[in-house]
1. So in region 271-281, with the set limited to residues that are buried (at least 17 other Cβ atoms within 10 Å of the Cβ) and within 26 Å of ASN189 (Cβ to Cβ), which one is farthest from ligand 2 (Cβ to nearest atom)?
2. Could you please give the count of residues in region 329-371 that are within 17 Å of SER139 (Cβ to Cβ), more than 16 Å from ligand 2 (Cβ to nearest atom) and crowded, with 22+ Cβ neighbours inside 10 Å?
3. List pairs: first in region 220-245 and at positive phi, second more than 16 Å from ligand 1 (Cβ to nearest atom), Cβ under 8 Å, 6+ apart or cross-chain?
4. Please find, within region 302-321, the residue that is surrounded by the fewest Cβ atoms within 10 Å (Cβ to Cβ) out of those that are away from ligand 2 (no atom under 16 Å from the Cβ) and outside any loop (DSSP other than H, G, I, E, B).
5. Limited to region 296-309, what total is found for residues that are without any contact (Cβ under 8 Å) to a residue 40 or more places away in the chain and within 16 Å of ligand 1 (Cβ to nearest atom)?
6. If a residue has to be out of contact with any Leu (no Cβ under 8 Å at 6 or more places or on another chain), within 11 Å of ligand 2 (Cβ to nearest atom) and not in a loop (DSSP other than H, G, I, E, B) to count, how many in region 157-214 make the cut?
7. Just to check your reading of the model, which residue among ASN233, ASN196 is more than 16 Å from ligand 1 (Cβ to nearest atom), within 38 Å of the chain's Cα centre (by Cα) and of a type outside the set (Phe, Trp, Tyr)?
8. Could you look through region 250-276, keep only residues that are of a type in the set (A, V, I, L, M, F, W, C) and either touching a Pro at 6+ places or on another chain (Cβ under 7 Å) or part of a loop (DSSP other than H, G, I, E, B) (or both), and pick out the one that is nearest to ligand 1 (Cβ to nearest atom)?
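The values are calculated or read from the model by the stated rules, or taken from the named source; none is laboratory data. On a predicted model such as this, the values are computed, not experimentally measured, just so you know. Cβ atoms come from the backbone with ideal geometry, glycine included; neighbour counts cover every protein chain shown.
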Amino acid sequence: MQLTKTVAITKDATTQNLLRKFSKQLFLADNLSEAIDICKSVTPELVIFDSQFDNSRIEAFFNSSNHESFNAPVAVITKAETQHSQHENFIEMGAIGCIKGPHDYLEMEKITSRLKNNHKKPESETIDFFACEHAAEASMVGKSTSTINALKMIKMVAQSQCNPVLVVGETGTGKEIAAKAIHNIKHPNEKFVAINCAALTANLLESELFGHVKGSFTGADKEKIGLLELAGNGTVFMDEISEMPLELQAKILRVLQEKTFRKVGGITDLKCNATIIASSNRNLYKETKEKRFRSDLYYRLNICPIKLAPLRSLNRNEDIEMLAKYFVQTSTICPDKKGKIKSITKMAIEALSKHHWPGNIRELKNVIDRAILLETTEKIGMSSIIIDSEEMQESNEQIAPNADNVINFSLSKAEKELIAKALRQTSGQKTRAASLLGITRATLYAKLKQYNIEKDSYSNNRSEELCDQPVTV
Ligand SMILES: Nc1ncnc2c1ncn2[C@@H]1O[C@H](COP(=O)(O)OP(=O)(O)OP(=O)(O)O)[C@@H](O)[C@H]1O
Ligand SMILES: [Mg+2]
C-alpha cells in the first residue's frame, strides 16, 4: 500500500529509502519553511519530521501553529533509542504516529493503511449537496435540520392549494430560491414573474402589478398588462412585501380574498389565477405593531410561512461546509480555474464556520468567489479566505434580539472563557490546560492564536474581560 505524495524534512538516506517504499512521490525539504512551501503546492497525504531535529525543536514545532499550515497529518521518525514516553508526548501534541527509526516498517505500514482508509474517494465525487428528491426543482443546498424542514414545507405548500405563500428570512437566506422551488414543483411550465416592492413608487408598483388602461393617467398612452395577468396560472413573486405602501396593501388583500383585480383606471374585474408568493426580510408581525404593515394582510399571508433560518443559527450552521464546497465546485468567477480548484481545507472550513454571516448565503458565496480568485493551489486554504473586515466587525458586534445570534455568540464566548479558565487553573501550563479541555496542545495553541489570547489575559489576576475580544477568523 502506498501514499500518493509525502513531504519529508530529512537528509537521511536510509529514512528516504523507507519513505520511498510507502509513497509514490517523495518531496524532500531541508527545513520547516521549505516544507510549508512544498505543502502549499503539492497537497501531500503525509508530512514526516525526521529526528535530525532534536526533540525540543519538534515540540516547538507542534506547539506553534506551523503544522496546521501543512494541511496534512504529521508523523515523526524518531531515533531508534528514543523513549516511549517521548513518543506519547508527540502523539499528544498532534502527531498521527511515531516511527521508531528508519527501519520501522511496521509502524510506517500502519500509518499508511490508516491514511489510505480515511481517503476513500475524492469528496467532489462522493458529496451529495441536496437533501430532498426535489433537488432538480429546489436547488437548495444543505442538509441541516433547518434546511430539511424548510424543504418539507416547500414541498407541502407546493403540492397543496395554499395561496398566498409567505417566505421569510434575513437577507441572503434564499427566499427567492425558495419561491422558485415552490413554483418549479407546483407548475414548472407556467410563468414566474417577480417584482421588488421596494424598488418602485406606489403608482408604478400598482401599474406594474395590475396593469392600466389607456389614458388612466398622464403618460398612460397605451394599455398595459400587469404582472397578475401576465403570470396566468403561474407565480407572482412579490419580493420585500413589507415595503409596499399601505394603500396598495389594501388592494393586494382584495386580490387575495376575491381572486379578482382591476387594472388602474379599469372597470372590469379580471380573474387572478396566479399563485402569489410574498417575501420579507423584516419581521412582519412587528411591522403590524408599528402600523407599517396591515395586520389583515399579514394574517392572510401567514397561513403556512416558510421560514429560512440565518446561516449562523445552530440548526443551520452545519450547512456552511456543504455550501462552501458546493460554491467551490460551481463558481463561474474564474473560468480558467474551473475544475482545477477541487476542495477547501479543513482549517478554512473551520474559519468559515466561525463567522456570523450577516449577509448569509450570498455573503458566503462571495467569500468563496473571492477565495477562488486568490487561490493559487488546487485547494482553497486559509490565506485565500478573506472576510470583509467591516462585515466581521458588524457580525461580531451583532447581538441582535434574535435567539439564534445570542446562542451562537455565546458559544465562541464560552470557548474563550473556558480556555482562559483552564489556563488560569493550571497557572498557564498549556499541556495540563489542553488535557483539562480535552484537546491537544497544538489545538490549544491554534485557539490561543485565533482568539488573540495573550499571556497576561489568563494570569490569575486578570478578570473575564478577555471574553469580549473580537473573534477573528
Ligand atoms: N440553499 C442554497 N443553496 C445554494 N445557493 C443558495 C441557497 N440559498 C441561497 N443561495 C444563493 O444565495 C444567494 C442569495 O439567495 P436569494 O437571492 O434567494 O436570497 P434572499 O433571501 O432572496 O436575499 P434578499 O433578502 O437579499 O433578497 C443567491 O445567489 C442564491 O443562489
Ligand atoms: Mg431576494
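1. Only one residue tops the list, namely CYS272.
2. In the first step, residues of region 329-371 are kept if they are within 17 Å of SER139 (Cβ to Cβ); the result is 329-332, 360-362, 364-365, 368.
In the following step, the residues that additionally are more than 16 Å from ligand 2 (Cβ to nearest atom) were identified as 329-332, 368.
Subset that is crowded, with 22+ Cβ neighbours inside 10 Å: 368.
Final tally of qualifying residues: 1.
3. These pairs meet every condition: GLY232/GLU190; GLY232/LYS191; GLY232/ASN273; GLY232/ALA274.
4. To start, the set of residues in region 302-321 that are away from ligand 2 (no atom under 16 Å from the Cβ) comprises 302-304, 312-321.
Right, trim to outside any loop (DSSP other than H, G, I, E, B) and you get 319-321.
On the way: ASP319: 25, ILE320: 22, GLU321: 18.
Restricting to residues being away from ligand 2 (no atom under 16 Å from the Cβ) and outside any loop (DSSP other than H, G, I, E, B), the top hit is GLU321.
5. Taking region 296-309 first, the residues without any contact (Cβ under 8 Å) to a residue 40 or more places away in the chain are 298-299.
Keeping just the survivors that are within 16 Å of ligand 1 (Cβ to nearest atom) gives none.
Selection size over region 296-309: 0.
6. Residues that pass the stated criteria total 6.
7. Values: ASN196 fails: more than 16 Å from ligand 1 (Cβ to nearest atom).
Going through ASN233, ASN196 in turn, just one is more than 16 Å from ligand 1 (Cβ to nearest atom), within 38 Å of the chain's Cα centre (by Cα) and of a type outside the set (Phe, Trp, Tyr): ASN233.
8. Within region 250-276, the first condition is being of a type in the set (A, V, I, L, M, F, W, C), and the residues that meet it are 250, 252-253, 255-256, 261, 264, 267, 270, 272, 274, 276.
In the following step, the residues that additionally are either touching a Pro at 6+ places or on another chain (Cβ under 7 Å) or part of a loop (DSSP other than H, G, I, E, B) (or both) were identified as 256, 267, 272, 274, 276.
Numbers: LEU256: 21, ILE267: 36, CYS272: 23, ALA274: 19, ILE276: 16 Å.
Once the filter is applied, the top-ranked residue is ILE276.
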